[in-house]
Every structure is written in C-alpha cells, then in structure tokens.
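Structure first, commentary second.
Nothing in this text is a laboratory measurement; each read-out follows from the coordinates by a stated rule. If you're wondering where the values come from, they're calculated on a predicted model, not measured in any experiment. Cβ placement follows ideal geometry from the backbone for every residue including glycine, while neighbour counts extend to all protein chains displayed.
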Amino acid sequence: MTDAYLNFVNSPFGARLASSLGLPKPEVLRRYRADQPEFEGLIAVGAGPQPRMLEALAGMIARTGMTGVAHESAGLWIPLAQRHGVMTGRFEPVASGSSQGRMSALLFDASGIEDVTQFDTLYAFFHDALRSLDKCGRMVVFGRPPEACATTRQWTAQRALEGFTRSLGKEARRGITSNLIHVAPGAEALTEATLRFFLSPRSAYVSGQVVRIDAVTHALPVFDWKQPLAGRRALVTGAARGIGASIAGVLAAEGARVIGVDIPSAKEALDQTMRALNGTALAFDIAAPETPAQLAAALDENGVDIVVHNAGVTKDKTLAKMTEAAWRSVIDINLAAQERIDDALLEAGTLRHGGRIIGVSSISGIAGNAGQSNYATSKAGVIGRVQSMAPHLRERHITINAVAPGFIETQMTAKIPFAIREAGRRMNSMSQGGQPVDVAQTIAWLAHPGSAGITGQVVRVCGQSLIGA
Ligand SMILES: NC(=O)c1ccc[n+]([C@@H]2O[C@H](COP(=O)([O-])OP(=O)(O)OC[C@H]3O[C@@H](n4cnc5c(N)ncnc54)[C@H](O)[C@@H]3O)[C@@H](O)[C@H]2O)c1
C-alpha cells in the first residue's frame, strides 16, 4: 500500500509546494537494507552522575564500528572508549545548515541518576546536541527500572525520564526516534541486541517506547550477529500476506526456517510466500478446534523455537449494531486461538526451551476504538496474556512479548474510509503510516537470542502515535 502524499511532498515539485503552503513534510524513513551499512557515523555520548552503563556501552559500540564522541557530561567516556578500541573524540556541535559531522545518534547514560536534582547534565547534553542530530537519527536514554530503585527519590527521578524521552521524540520530527531502555542491575551485558535495534534503521517506526531488560540466570546461546536466528524454527500465523508475510521474510533473512500458517482459502498466496523463503506452508484455520493438536503434530519432534501469533481479523461495528457472530469470531481468532495453540505447544513440549512467543496486539487494544469493541477487547487480551504468562514461562527460559502496531500500510488499513485513514496515518511523530517490515523487524528483535532479558512487555510500532499515548 502506498502513501501518495508522502511520495508527493518528497518530489522536487511537491517539496516546493508544501514549503510555500506550509504543509507538513514527512521524512522518507531510512529502513534497513542488507546491501547498506547498518551502523555508521558518530554517536554523541552523554552521562549523568555515576553512570553504570558506560563500560558495557563502550564494548557494544566498538562492535558496531561506530565512532563515539564524548559530550562534556561524559568525562569517563574517552579512556573507556580507547580501552575498548572505539574510535573517539570530543563532541563538537555542528553549525546550523551544515551537513558535515552530524550525529547519527545521541546516547545518554542516566542509570546513575538518584534524585531529580541531578537532571542538569541530561538537559545540557540534549540541549547542546539535538541540533547536531541528523535526519532519521536516534536518541537512546539508558535508565533503571523505577520499581527496582532503592529509594523513592531514585524511583521518581528514573520515572521522570519517560516524559523527557517521549517529549524529545515529539519535538525532533525529521524521522528521528527517541526511546528509553530500563536496564535492571545485573542486566548490563544483556543490552546489546536492544541497543543495536534502537540504533539501527530496523527501528525506523518505533519511537517513544520504554523497554525493560531484566537480568537472567542462564547463559545465552552462542549466535552470529549476521544470522542470529540460524538453526531456529519459527511458526508465523497469518503468513500469506501483509504483516505476516513480512514477518516470515525477515525471520527467514535472519536465518530462521519458517513455517507459515494461513486459512485454507489463502493457500495459494501462502504457498507462494513460503516457496520464496524455502519455508513450509500449513493451510490451517487457527480457530478450528482441531488445529492446535494438528499444529503440534505437524511441527513433529524438531519442535519450534519462535511462535508469532500474527493472524487477525476485524469485523467493525458499534456494539449496538454488532452481531453476536462478529463479536465471537474476532475474539476467537485474535485471542482464544492463541491461547489454545500455546497451551498445546507448551504441553507437548513442542515450543522448545529458550523459545520466544510474540503476539501481535494493536494500539486499539491500548486506547480502545469506536466501532472496534470486539477487536480492541481481543488485542487488549493479547497484552494481558503476555503479562500473565511471562512469569510462568521464565523457568523454561521462554520469553513472551507483544508488539502493538499503529497505522500500518496493508490491505487491512486500505479498507478504512479515507478521512479516518488519513488521520490515522498522520497523527504520529513520523506523520506517516508504518510499513509491514517495521512490525516484522521489531518482532525479529524480540525473537533474537540476545533478547533473553525482555519478557512480559508490549512494544508499540506506531511512529509514536497520539492514539493511546
Ligand atoms: N495493518 C495495521 O495497521 C494493523 C494495526 C494493528 C494491528 N494489526 C494486526 O496485525 C496483524 C496482521 O494484520 P494485516 O494488516 O497484515 O492483516 P491482513 O488482513 O492483511 O492479514 C491477516 C492474515 O491473517 C490470516 N488469517 C485471518 N484469519 C485467520 C485464521 N482463522 N486462521 C489462519 N489465518 C488467518 C488472513 O488470511 C491474512 O493472511 C493482525 O493481527 C492485525 O490485527 C494490523
């Protein structure tokens, strides 16, 4: 699906017209491409008092090959960076209008902030560096999970960072994202997959999010950053088209062997998608009572490592006009079927130790939506499932998370009436809809073996939509 306005205002004539009429000009977002470098350029590094993450960050930045330049708030950075072999120097603001020496990312370590009186460096760093951040740049703040803080003052200060990070996302525009990563004490070494995701063009449409990384007691499996899912098997429901086909494609590109499921009437499209990925097509209706057992049997003794519950439907009507059949089928397909399938796969041990379950929710499930009481109920239930199941799955080292897409350009959103569709597209910090690949890349990060410390969470893929914010 295409966004004609975005294409128009980024053409030479459209850009002139938009600027003379004062129309918004959404940025063409930089997205991951295998033939282009994923990480490049300068990261400006800032820090609050007693930063606890800098040492771990220096090692991670060294492995991305980026250059980390120190703001005056991060005095410790240069010797640390040199020790880890990171190219480094001092942060120099870029003169306005100049494209030389712009920052690809701004990174601030707020993990040592213990009191709201310690925000001066946070202000100074972003105040000094924001104008030097390039378009489609990244802002990442590292903090501590407030609920893990030792004092009420520390909890307050750490919680305050959410408002700060989200506001910067709304101010920055130009395709820039701003996210907050809460790292629990002891989880510092588990942040690399997450840092890479948020620095990379893979997170083009993820902004204003808070992600918590917990410590785990088990060792991570060995993996290759270029093919992190090699040797893993991934089940993706609703894989024939739209977001599901994109999820299947991204997981396969990361090395997974994909088993795609879709309804029998979509078999041809499913076969085609799976053939291109060297995957397996299973034409099952996920809501049929016999499907969970059939799926467990079809996955055989090889089992599965990643389960993505993507299949979903809408049957929109205000509640007074909604038939009982429309109410029931949406809840059954979007929510109850996931429960039945997970129960069967967990009971049979088909979902392997160290596995990943990822549910596709929606911002409708967070905010509610007129005409979508059935859909929003099902999608809020997906969030409840993730939160309730996470503690029970820890013992098997299985993580369970959800993504909540906002407006994504697919056949589902193409059906929305024009005026509502246009509003959905523009009411976010990117002033545009996302692409299926934005959801798929977010799911691939949650499925990553390095994301072992992330569970029970919901990550919105909505360009920081105002809906439900
Ligand atoms: N497009 C968006 O803007 C958006 C926003 C938020 C959430 N979502 C969610 O993302 C997911 C994918 O959405 P999409 O836009 O790609 O939709 P889509 O309609 O293009 O694709 C959904 C796929 O699920 C399959 N499916 C439906 N019922 C099934 C069943 N009973 N058994 C097996 N397969 C079934 C369909 O055949 C289809 O291939 C859905 O869960 C949707 O609710 C989408």
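The phi-based Karplus calculation (6.51 cos²θ - 1.76 cosθ + 1.60; θ = phi - 60°) puts the 3J(HN,Hα) values of region 448-461 at 5, x, x, 8, 4, x, 10, 8, x, 10, 10, 10, 7, 10 Hz, whole numbers, x for Gly and Pro. Expressed per residue, the C-alpha convex hull volume of region 19-136 stands at 138 Å³. Of the peptides 357-364, 162-169, the order by per-residue mean of other Cβ atoms within 10 Å, starting with the highest, comes out as 357-364, 162-169.
Just rank Phe108, Phe126, Phe284, Phe119, fewest to most, by other beta-carbon atoms within 10 angstrom. If you can, show how the numbers build up before the last one.
On the way: Phe108 30, Phe126 23, Phe284 20, Phe119 16.
Starting with the residue having the fewest Cβ neighbours, the order is Phe119, Phe284, Phe126, Phe108.
In a reduced charge model with +1 at each Lys and Arg Cβ and -1 at each Asp and Glu Cβ, region 233-461 shows a dipole moment near 660 debye about its Cα centre.
What translational D, rounded to a whole number of µm²/s, comes out for region 233-461 from Stokes-Einstein when the hydrodynamic radius is the Kirkwood one over Cα pairs, at 37 °C and 0.692 mPa s?
Numbers: Rh = 17.6 Å.
Approximately 187 µm²/s, per Stokes-Einstein.
Sequence-ordered 3J(HN,Hα) estimates for region 61-72 from the Karplus curve with 6.51, -1.76 and 1.60 and θ = phi - 60° stand at 5, 4, 6, 7, x, 7, 9, x, 9, 8, 6, 4 Hz, glycine and proline given as x.
A simple rule links phi to the HN-Hα coupling: the Karplus curve 6.51 cos²θ - 1.76 cosθ + 1.60 with θ = phi - 60°, which for region 172-184 gives 5, 6, 6, x, 7, 10, 9, 9, 10, 10, 8, 10, 5 Hz, with x for Gly and Pro.
The C-alpha atoms of the chain define a longest principal axis, and helix 337-347 lies at about 90 degrees to it. Spread over its residues, the convex hull of the C-alpha atoms of region 38-213 is 99 Å³ per residue.
For region 279-381, what Kirkwood radius comes out of the mean inverse Cα-Cα distance, in Å?
14.6 Å
Note on region 407-450: along the principal axes its Cα atoms extend 42, 23, 9 Å, ordered by decreasing extent.
Relative to the longest principal axis of the Cα atoms of the chain, helix 12-21 runs at roughly 70 degrees. Taking 21 Å as the limit for the C-alpha separation, the pairs Lys315/Lys379; Lys135/Lys415; Lys226/Lys379 exceed it in the case of Lys135/Lys415; Lys226/Lys379. Stretching the chain fully between His392 and Phe418 yields a gain of 5.0 nm (0.36 nm per residue, less the alpha carbon separation). The stretch between Asp332 and His353, if pulled fully straight at 0.36 nm per residue, gains 4.8 nm over its current Cα-Cα span.
Cα-Cα pairs above 40 Å in the chain: how many percent? The answer is 20 percent, as a whole percent.
Under 5 Å from the amide H of Leu133 lie the amide H atoms of Met103, each residue being 5 or more positions distant or on a separate chain, with H modelled from the backbone and absent for Pro and chain starts. Amide H contacts for Gly371 (H built 1.01 Å from N in the peptide plane; partners 5 or more residues away or on another chain; cut-off under 5 Å): Leu319. Take every pair of alpha-carbon atoms less than 8 Å apart whose residues are at least six positions apart; their mean separation over the length of the chain yields a relative contact order of 14 percent.
Give, as a single signed number, the net charge of other residues whose beta carbon lies under 12 Å from the beta carbon of Ile363, with Lys and Arg counted +1 and Asp and Glu -1. Could the numbers behind the result be given before it?
On the way: positive: Lys379, Arg460; negative: none.
Net of charged neighbours comes to +2.
In plain terms, the residue of Tyr205, Tyr375, Tyr123, Tyr5 with the fewest other Cβ atoms within 10 Å comes first and the most crowded comes last, giving Tyr123, Tyr5, Tyr375, Tyr205. Calculated mean residue ellipticity at 222 nm for the chain: -11000 deg cm²/dmol, from DSSP H runs with n ≥ 4 weighted as -39500 (n - 2.57), summed, divided by the residue count and rounded to 500. Scaling the Cα radius of gyration of region 356-469 by the globular reference 2.2 N^0.38 Å produces a ratio of 1.10.
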